[in-house]
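Right, one structure below, let's go through it.
The values are calculated or read from the model by the stated rules, or taken from the named source; none is laboratory data. None of the values given here were measured: they were computed from a predicted structure. Keep in mind that these areas ignore ligands, DNA and RNA; they rest on the heavy atoms of the full protein, side chains included. Shrake-Rupley method; radii C 1.70, N 1.55, O 1.52, S 1.80 Å.
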Amino acid sequence: MERGIRWALGYLLTLLLVALPVTAFMAIKIVPTYAKIFDDFGMRHSPWMTAARGFANLVSQFWFLPLLAVIVGSVAARVAPRAWQAFVSVLTL
């Protein structure tokens with residue numbers, strides 16, 4: 001059972017490490033470009049664009065938090081394996 005949870009957490013870590021740079025790039029480069037195009041043509045922003053701009057602002061300001069969580073989790077798993085096993089056993093409940 002623990003092996004399956006370790007695999008699932010490793011998969012989640014891999015997804016985060018791949019998705020975080022892609023999302024950050026989109027939030028920092030692509031969304032502001034589209035927003036500028038909308039503004040240049042005097043068009044109203046759709047609700048999706050407004051949400052994307054809000055998310056882009058959030059990602060550009062707090063991009064380091066998911067990375068920090070991954071680093072802290074990895075260090076905690078190595079430094080305190082018993083505490084990590086207790087955490088994993090709580091997840092299996």
task: Collect the residues in the range 48-72 that are open to solvent by 90 Å² or more (accessible area, probe 1.4 Å) and either acidic (Asp, Glu) or at pLDDT below 80 (or both), keeping them in residue-number order.
output: Trp63
query: Yes or no: Ala52 farther than 22 Å from Leu12 by Cα, among the small types (Gly, Ala, Ser) and under 17 Å from the mean Cα position of the chain (by Cα)?
result: yes
